[in-house]
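Down below is the structure, laid out as structure tokens.
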Amino acid sequence: MSNKQIGKRIRELREIQEETRETFAEKVGISSKFLYEIETGKKGFSADTLCNISKALSVSCDYIMLGEESVYPNSEKIICFLETLRPSQRSQIRIILQKLSDLCDTD
């Protein structure tokens, strides 16, 4: 997974949707210069930016990064949501998930 391949996928999907670089960058919340650098493989980007790009393109994060769809199609929605939480909130969710897992193991 190289930055050039990832950028090429993003550019191709953006162009299929007939979005200009400027309007798409605004939709994603980044500058058009930064989008250009992503699309040409000159720069990487954060998980937040990945989530915003995948939402704007209506594809999974896996597709953007790997060129293939996720085995768990809703997992990127969960990851994007978790990225927006404060560390203390993530910690609480981890505890809840562990308790749910423990309950499932008792059957």
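The values are calculated or read from the model by the stated rules, or taken from the named source; none is laboratory data. Keep in mind it's a predicted model, so treat the numbers as computed, not measured. Reconstructed Cβ throughout: ideal geometry from the backbone, glycine too, with neighbour counts over all protein chains shown. The area values use the complete protein model at the heavy-atom level, side chains included, leaving out ligands, DNA and RNA. Shrake-Rupley method; radii C 1.70, N 1.55, O 1.52, S 1.80 Å.
Please verify whether segment 87-97 includes one or more residues that are within 21 Å of the chain's Cα centre (by Cα), within 29 Å of Ile10 (Cα to Cα) and either exposed (fewer than 10 other Cβ atoms within 10 Å of the Cβ) or at pLDDT 90 or above (or both). Within segment 87-97, none of the residues are within 21 Å of the chain's Cα centre (by Cα), within 29 Å of Ile10 (Cα to Cα) and either exposed (fewer than 10 other Cβ atoms within 10 Å of the Cβ) or at pLDDT 90 or above (or both). Among the residues of segment 22-31, is any open to solvent by less than 70 Å² (accessible area, probe 1.4 Å), hydrophobic (A, V, I, L, M, F, W, C) and at pLDDT below 95? No, that holds for no residue.
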